[in-house]
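These notes are about the structure you will find just below.
The numbers here are math on the coordinates, done by the rules we state, and not lab data. On a predicted model such as this, the values are computed, not experimentally measured, just so you know. Cβ atoms come from the backbone with ideal geometry, glycine included; neighbour counts cover every protein chain shown.
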Amino acid sequence: MEPITGSEASMTPLPASAKTLHEEFPRWTLRESGIHQHWAIRTDRPTTPQIKAGAKLYLSGDSLTELAERLRAEERLLAEVKP
């Protein structure tokens, strides 16, 4: 993934319509970039087993739907990893 630069560097909170998405994924902070890319940034620290399993610190999507799908997949991965 490319580094965040330019207009992407200034991310703003998502609109209120994303509130349910935030409630579903409390360990993630949700943001939208200036070019309408949606981001989720993990707020807790992954464990060593989670990192070895491929846990991500941030995810992105072109829409809230795409981001939600990626978050659900990530949460399924994390649920399968033993602490």
In the stretch 20-73, with Lys and Arg counted as +1 and Asp and Glu as -1 at Cβ, which of these residues, Ser33, Gln50, Thr20, has the Cα nearest the positive end of the dipole, that is, farthest along it? Gln50
Among the aspartates and glutamates, which have Cα under 13 Å from the Cα of Lys52 when same-chain residues fewer than 8 positions away are ignored? Glu80
Got a sec to turn the phi values of the stretch 65-75 into Karplus ³J(HN,Hα) couplings, 6.51 cos²θ - 1.76 cosθ + 1.60 with θ = phi - 60°, whole Hz, x for Gly and Pro? 4, 5, 4, 4, 4, 5, 5, 4, 5, 5, 5
Say each of Thr20 and Thr47 gets a label point 7 Å from the Cα, pointing the same way as Cα to Cβ; how far apart are those two points in nm? 3.2
In whole Hz and in residue order, list the ³J(HN,Hα) couplings for the stretch 47-52 that follow from phi through the Karplus curve 6.51 cos²θ - 1.76 cosθ + 1.60, θ = phi - 60°; x for Gly and Pro. 7, 4, x, 5, 5, 4
Could you check the simple spin-label distance between Ile35 and Tyr58, using points 7 Å along Cα→Cβ, in nm with one decimal? 1.4
